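Report on the following structure.
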Amino acid sequence: MTTRILPATGDPDAARALAALLGRLPAAEPAAAVPDSTTLLDTLGRLAAQSLDELPEVVLVHERIGPVPALDLIREVALRFPAVGVVLVTSDAGPQLFAAAMDSGARGLVGLPLAQDELAARVQAAAQWAVGVRRHLGGGRAGELPAGPGGTVVTVTGAKGGVGATFAAVQFALAAAAAGRRTALVDMDLQAGDVGSYLDVQFRRSVADLAGIQDISGRVLADAVFEHGTGVALLLAPADGERGEEVDERAARTVVTALRGRYEVVVIDCGTQLTGANAAAVEMADVAVLLTTPDVVAVRAARRTVRMWERLHVRKAEDTVTVVNRWTRHTEIDPALIEKITRTRALRTPVPAAFKEIQPVIDAGRLQDLDNRSTVKTALWTVAGELGLLAPADPPAPTPGTALAVRP
């Protein structure tokens, strides 16, 4: 049996050393090393979309992979691609790291400097485990691969302040809940979050209360979320903005993983400012929405955000979905032009400019009461359908835009 191996390392010297040793292993088929965590997850997602049989049996994760830390990356791969055996390559082969790697979902650990016998043994063990899992799963046709527990994570980021990101995020969550899907809405605008204000909610718990908890159980999560009358579970930003600093990148990853494991849809309002926490959320998301208005300043800000995400290896432009808000027939900047400028995928369903429709519910802090006849609500719920947030049996009634290929 041929063992397909995908190394993941950002160190060129380590990549060459791994390639040399893997090339000597019997019945091994090593692929070219991927340089970062984003590329690894994209590659595995693309292969999984084709077939279970297209995935490599073994993924080797080097300790200096980035931008996602190695153990967090192993946990993400184990959750989303459970039929892949992951092996950590590290200079620290002590029992503490070994236990942490196993807890994250690794199937083995290889010490540095590399030894061919040890590498061969770990690769073989991980490959045998992966083959056994796939045999148990059966089949191998596209779409049959379990993606780990949980559902779809969607982030909503504003190109600049005031473009309507929070309003859109709330409506996406309400649409998913109305479609019968178990939905959570997270306010990751940690210093200036307004989700609670828009839904007339005062709750003393927030996402900051989950910071520092390594393993978020169902009971702990239930204590932190507010079960809204609409059926949406709310995880709010802290009332005291300075507490937002408690939610770092690692905490955000832990929170998103816990929510993904318990809800079908997780909508995250990321605000407009890039922090370690919301950058982690955008990187982990199945769909990253960038909301903009059709004016020069906002579109420039959208392009600036996309370029920053790419420089920081948070998200590729082609894996970002742009939604245009406050559009009118007389607007010269249309979705197609914005798509060309930002190099993202702009949905062809824009959200109309109709502030008079939404002003009463905004002022009252009750977005859930927005009239079903509202053109803004109709458009946003249509977009929610295009993003895959609605149940298959409940497609949106209005004319849909272009179909969206969701990032696996």
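The values are calculated or read from the model by the stated rules, or taken from the named source; none is laboratory data. The model shown is predicted, which means the values in this text are computed figures rather than measured ones. Virtual Cβ from ideal backbone geometry, glycine too; neighbours counted across all protein chains shown. Accessible surface areas use protein heavy atoms only, side chains included; no ligands, DNA or RNA. Shrake-Rupley method; radii C 1.70, N 1.55, O 1.52, S 1.80 Å.
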Checklist outcome for this item: Per the filter on region 260-279, residues in contact (Cβ under 8 Å) with a residue 60 or more places away in the chain and either touching an Asp or Glu at 6+ places or on another chain (Cβ under 6 Å) or open to solvent by less than 10 Å² (accessible area, probe 1.4 Å) (or both) are VAL265, VAL266, VAL267, ILE268, ASP269, CYS270, GLY271, ALA277, ASN278
Checklist entry - If ILE65 satisfies every condition in (1) in a loop (DSSP other than H, G, I, E, B); (2) open to solvent by less than 40 Å² (accessible area, probe 1.4 Å); (3) closer than 22 Å to LYS316 by Cα; (4) out of contact with any strand residue (DSSP E or B) (no Cβ under 9 Å at 6 or more places or on another chain) but one, which is the exception? => result (4)
Checklist entry - Going by the structure shown, is ALA252 over 23 Å from ARG75 (Cα atoms), aliphatic (A, V, I, L, M) and either open to solvent by 10 Å² or more (accessible area, probe 1.4 Å) or in a helix (DSSP H, G or I) (or both)? => result no
Checklist outcome for this item: When region 326-362 is checked residue by residue, the ones that are open to solvent by less than 30 Å² (accessible area, probe 1.4 Å) and outside any loop (DSSP other than H, G, I, E, B) are PRO335, ILE338, THR342, ALA346, ILE358, VAL361
Item to check | Filter result (of a type in the set (Phe, Trp, Tyr) and not in a helix (DSSP H, G or I)) within region 78-106 | outcome: PHE81
Next on the checklist: If I go through region 70-110 residue by residue, how many of them are under 19 Å from the mean Cα position of the chain (by Cα) and of a type in the set (Lys, Arg)?
Outcome noted: 2
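Take the residues in region 1-33 that are β-branched (Val, Ile, Thr) and assigned to a strand (DSSP E or B); name whichever of them is farthest from ALA130 (Cα to Cα).
ILE5
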Checklist entry - Which numbered condition trips up THR257, out of (1) among the polar types (S, T, N, Q); (2) outside any helix (DSSP H, G or I); (3) under 30 Å from ALA48 (Cα atoms); (4) open to solvent by 10 Å² or more (accessible area, probe 1.4 Å)? => result (2)
Checklist entry - Looking at this structure, is ALA252 in contact with an Asp or Glu (Cβ under 7 Å, 6 or more places away or on another chain), closer than 24 Å to GLN171 by Cβ and of a type in the set (Gly, Ala, Ser)? => result no
Checklist entry - Among the residues of region 107-121 satisfying the criterion of being within 16 Å of ALA17 (Cα to Cα) and part of a helix (DSSP H, G or I), which is most open to solvent (accessible area, probe 1.4 Å)? => result ASP117
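Please enumerate the residues belonging to region 287-309 that are touching a strand residue (DSSP E or B) at 6+ places or on another chain (Cβ under 8 Å), assigned to a loop (DSSP other than H, G, I, E, B) and not polar (S, T, N, Q). So that I can check it myself, show each step before the final result.
Initially, region 287-309 is screened for residues touching a strand residue (DSSP E or B) at 6+ places or on another chain (Cβ under 8 Å), giving 287-294, 298-299, 301-302, 305-306, 309.
Still in the list and also assigned to a loop (DSSP other than H, G, I, E, B): 293-294.
Result: PRO294, single match.
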Item to check | Given (1) out of contact with any Lys or Arg (no Cβ under 8 Å at 6 or more places or on another chain); (2) among the small types (Gly, Ala, Ser); (3) farther than 30 Å from VAL77 by Cα; (4) open to solvent by less than 50 Å² (accessible area, probe 1.4 Å), number of the condition ALA301 does not satisfy | outcome: (1)
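One line per residue, one yes/no per condition, for (1) touching a residue at least 24 places away in the same chain (Cβ under 8 Å); (2) open to solvent by less than 10 Å² (accessible area, probe 1.4 Å); (3) of a type in the set (Asp, Glu):
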residue: LEU18; (1), (2), (3): yes, yes, no
residue: ASP36; (1), (2), (3): yes, no, yes
residue: VAL58; (1), (2), (3): yes, yes, no
residue: LEU71; (1), (2), (3): yes, no, no
Next on the checklist: Tell me which helices (runs of 4 or more DSSP H) are completely within region 145-226 and hold 1 or more residues being touching a residue at least 24 places away in the same chain (Cβ under 8 Å) and crowded, with 21+ Cβ neighbours inside 10 Å, or say none if there are none.
Outcome noted: 165-178, 195-198
Checklist entry - Just one of the numbered conditions (1) open to solvent by less than 50 Å² (accessible area, probe 1.4 Å); (2) without any contact (Cβ under 8 Å) to a residue 60 or more places away in the chain is not true of SER91; which one? => result (1)
Item to check | Flag if VAL323 is hydrophobic (A, V, I, L, M, F, W, C), open to solvent by less than 40 Å² (accessible area, probe 1.4 Å) and not in a helix (DSSP H, G or I) | outcome: yes
